[in-house]
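J.: Encoded as structure tokens, here's the structure I'll be asking about.
A short reminder: the numbers here are calculations on the coordinates, not readings from a lab. Remember, predicted model here, so these are calculated numbers, not experimental data. All Cβ positions, glycine included, derive from the backbone under ideal geometry; neighbour counts span all protein chains shown.
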Amino acid sequence: MSSSDNKAPAGPTETAQYIAKASRELREMAASSGLEFIAYLLAMAEEESIKTAQDGAPASGKRGRSPRAV
């Protein structure tokens, strides 16, 4: 893998698109391994990322509080 493969997306919309793609790939992997709840959570992340990318990145707090770090 080249260093350009690890390049961070340019802005919030591109980041949301990248997260949607990664979430989809991970969801498919989880579902094929029988990890249904993880697949469900990844589907929610994918859906939210797609909405965010389509709407443009929300201003801080526009969509509510972020989940608390564990």
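J.: Within segment 7-48, track down each residue that is more than 13 Å from the chain's Cα centre (by Cα) and not in a helix (DSSP H, G or I).
T.: Once the filter is applied, which keeps residues that are more than 13 Å from the chain's Cα centre (by Cα) and not in a helix (DSSP H, G or I), segment 7-48 yields 7, 8, 10, 11, 33, 34, 35.
J.: Which pairs have Cβ atoms under 6 Å, sit 6 or more apart or on different chains, and link a residue in segment 36-55 that is over 12 Å from residue 24 (Cβ atoms) to one that is in a helix (DSSP H, G or I) and not acidic (Asp, Glu)?
T.: 38/30; 52/16; 53/13; 53/16; 53/17
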